[in-house]
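Below is one structure; the comments refer to it alone.
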Amino acid sequence: MEAHLPSTIRKLNKEMVLNIIKDSGPLSRTEIAKQTGITKATVSDIVKTLIDEKLVFDEKEDDDLSRRGTRLHFAKQSAYGVAIDLGGTTIHFGQFNLAGECIAKDTIATYHHQTSGDFLHQMAADLRSFIEQSGQPPERLAFISIATPGVVDPLTGVVLEGSPNLPEWKNIGLAQFFKDTFHVPVTVENDVRAALVGEMYSGALQDLSSAVLIGIGTGLGSAVLVDGKVVRGARNAAGEIGYMMFHHQQLYAPSSKGHFEIVCSGSGLEAAASSLFKKTVTAEQIFMMAEAGNLQARYLIEQFEDQLAIGIMNIIALLNPQKILLMGGVTKSLSLQQLQAKVGLHTTDVTEVSIEISNLQHRSALQGIAILGLYQAFPALQYMQGKQLY
């Protein structure tokens, strides 16, 4: 039976049975054997192991696990993980079961601590409170996954270069801190890249093999999917489009924030408006003023959209994506029709691209980082076949 098979085949058979139950269950052992082509005896051996591991349960109440007529269910509630989307203004917590479904969530304001140490300890305390309030047993916590701004090494869970909106956010062992505190696997990823995975899983980028997600918030960043692979680059800094340049003068004026981000982000738009109007103006107010007919506000937004169109055209020329997806608070007020028209002036039949605004918005990062956490903690489970997440 299964014990006599080579270990690699046993592993593949086990993963096949587990994922068929997850995706198509409840199923009987006989149905599983028919769908997989694995012998009934081997299926029964695999099922017993999966039941012991609490990944599958049998709907019958007696203890005779050898009966083949009863149906098997994926035990999606047997464990859970906590996903965290860490932003400059808000922190989103989400609790996810093994099916990748969000079963609880909460949002709090980002802390104003001066040190990263104080920030992390406060975050750990709030994570504990979130678990307690959810009513889920702490011992069933199987993983923690964190989406954070900045350049992240996903293999070590270290934030290499961070966000100016978070304290001392550079060279931080984020994964190690939470692993030492909660004693579970911890996954860390860049927030825009996590959002890309979320859109691939349940949003506008499902069934696509090449796409770019552009996040326009306080800052500016992107994440790239090429030929089914999430692209990270040689040192995990792929997609940092905020540092793109469009004028030769910028070459001799280094900017820690990035020249493209200065002109094409929420904070950049607000800075330009505050300089023009000699008072503090939010991005939302600028769009409202433009809608009401203020010519200066209209000019600022026109310039903003022009810069964004140039950036998108450069991305299209380099990557030839099927879709450009925009997310972030600012994007809700953009004129997609005008943006598409500007880009369309410079595309051809082979470079034409769809430009859309995300419906998921911030929920995509939470969903994506949860999937990445599940991928690391439960490698036998498959969530996006045909996609290479690492």
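The values are calculated or read from the model by the stated rules, or taken from the named source; none is laboratory data. This is a predicted model, so every value here is computed, not measured. Don't worry about glycine lacking a Cβ; one is built from the backbone with ideal geometry, like all the others, and counts go over all protein chains shown. Surface accessibility is based on the protein's heavy atoms, side chains included, excluding ligands, DNA and RNA. Shrake-Rupley method; radii C 1.70, N 1.55, O 1.52, S 1.80 Å.
Any idea which of GLY87, GLY150, GLY81 is on the phi > 0 side of the Ramachandran plot, surrounded by 16 or more Cβ atoms within 10 Å (Cβ to Cβ) and in contact (Cβ under 8 Å) with a residue 12 or more places away in the chain? Can you show your working first?
Numbers: GLY87 fails: on the phi > 0 side of the Ramachandran plot; GLY81 fails: on the phi > 0 side of the Ramachandran plot.
Only one candidate qualifies: GLY150.
The single condition among (1) of a type in the set (A, V, I, L, M, F, W, C); (2) surrounded by 18 or more Cβ atoms within 10 Å (Cβ to Cβ); (3) at pLDDT 95 or above that ALA317 does not meet is (2).
Filter region 320-359 down to the residues that are within 16 Å of SER210 (Cβ to Cβ), open to solvent by less than 20 Å² (accessible area, probe 1.4 Å) and among the hydrophobic types (A, V, I, L, M, F, W, C) and list them by number.
ILE324, LEU325, VAL353, ILE355
Is it the case that HIS248 is at positive phi and open to solvent by 30 Å² or more (accessible area, probe 1.4 Å)? For HIS248, the condition - at positive phi and open to solvent by 30 Å² or more (accessible area, probe 1.4 Å) - is not met.
Yes/no matrix, rows are residues, columns are (1) touching a residue at least 60 places away in the same chain (Cβ under 8 Å); (2) open to solvent by 20 Å² or more (accessible area, probe 1.4 Å); (3) among the aliphatic types (A, V, I, L, M):
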residue: ASP227; (1), (2), (3): no, yes, no
residue: VAL230; (1), (2), (3): yes, no, yes
residue: GLY239; (1), (2), (3): no, no, no
residue: GLU261; (1), (2), (3): no, yes, no
residue: LEU276; (1), (2), (3): no, yes, yes
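One residue stands out in region 94-105 among those that are open to solvent by 60 Å² or more (accessible area, probe 1.4 Å) and touching a helix residue (DSSP H, G or I) at 6+ places or on another chain (Cβ under 8 Å): the one that is nearest to GLN136 (Cα to Cα), namely ILE103. HIS73 fulfils the conditions (1) out of contact with any strand residue (DSSP E or B) (no Cβ under 6 Å at 6 or more places or on another chain); (2) at pLDDT 90 or above; (3) over 21 Å from GLY373 (Cα atoms) except for a single criterion, (1). With respect to being of a type in the set (Gly, Ala, Ser), more than 26 Å from LEU269 (Cα to Cα) and touching a residue at least 24 places away in the same chain (Cβ under 8 Å), GLY221 falls outside the description. Criterion applied to ASN13, ASN19 was being surrounded by 15 or more Cβ atoms within 10 Å (Cβ to Cβ), assigned to a helix (DSSP H, G or I), modelled with pLDDT of 95 or more and of a type in the set (S, T, N, Q), and the one residue passing it is ASN19. Screening TRP169 on (1) closer than 19 Å to VAL330 by Cβ; (2) at pLDDT below 95 shows it passes everything except condition (1). Take GLU139 and tell me if it is out of contact with any His (no Cβ under 9 Å at 6 or more places or on another chain), outside any helix (DSSP H, G or I) and more than 30 Å from GLY228 (Cβ to Cβ). Judged against the criteria, GLU139 is not a match.
Give the number of residues within region 22-42 that are in a helix (DSSP H, G or I), closer than 25 Å to ASN97 by Cα and over 28 Å from the mean Cα position of the chain (by Cα). Looking only at that region, the number is 2.
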